[in-house]
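Below is one structure, written out as structure tokens; the observations come after it.
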Amino acid sequence: MKIERILVPVDFSEHSLAALKYALELAREHESEVVLVHVVEPLPYGIARWYEPTKVLEQYGETAKGELERFEKEATQLYSKCRCELHFGVVHEVIGELVSKLRVDLIVMSMRGQTHLLDLLIGGTAENILRYAPCPVLRIRTV
């Protein structure tokens with residue numbers, strides 16, 4: 001099986017950095033492209049009562065863009081065929097669309113991230129990606 005493109009969802013945690021490093025090793029072996037993706041999710045219902053949602057999302061998007069560029073810089077120092085993309089939406093839906101659009105062969109992601117407690121309570125982002133991804137998913141266990 002030829003792996004031409006690997007997608008790595010990142011949440012800027014140490015866990016997603018570990019998944020990225022693993023993906024880079026795989027990419028080197030297969031001479032694949034690595035696409036780092038961060039998705040800014042919609043704000044929880046009712047937040048508009050306390051904050052202006054557009055400004056909150058814009059601010060978070062700017063912060064995420066900077067973090068994503070930091071991850072990309074670190075990744076390209078280890079392997080040159082890397083790029084990053086920032087998207088807005090529901091994570092598993094955006095990832096599913098990107099897999100089809102970019103013709104991704106493999107998703108590499110960590111089992112734990114910034115939302116570990118929520119993962120335990122409601123199933124979590126990683127579980128949703130596993131459930132809906134239209135390609136193989138490799139989950140990296142991190143401590």
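Quick one: which of LYS65/LYS101; LYS55/LYS101; LYS21/LYS55; LYS2/LYS81; LYS81/LYS101 span more than 24 angstrom between C-alpha atoms?
Long pairs (Cα-Cα over 24 Å): LYS55/LYS101; LYS21/LYS55.
P(r) for the chain: what percent of alpha-carbon pairs falls in each 10 Å bin, starting at zero?
Whole-percent P(r) values from 0 Å outward: 12, 42, 35, 10, 2, 0.
Ordered by packing density, taken as the mean number of other Cβ atoms within 10 Å over each peptide's residues, highest first, how do 66-75, 16-25 rank?
16-25, 66-75
Relative to the longest principal axis of the C-alpha atoms of the chain, give the angle of the C-alpha long axis of helix 91-102, reported between 0 and 90° and rounded to the nearest 10°.
40 degrees
Kindly state, to the nearest 0.05, the FRET efficiency for TYR132 paired with LEU86, given R0 = 25 Å and r defined as their beta-carbon distance.
0.75
Throughout, read-outs are computed from the coordinates displayed, never taken from laboratory work. All figures in this text were calculated on a predicted structure; none of them were measured in a lab. With ideal geometry, Cβ positions are generated from the backbone for all residues, glycine too; neighbour counts draw on all protein chains shown.
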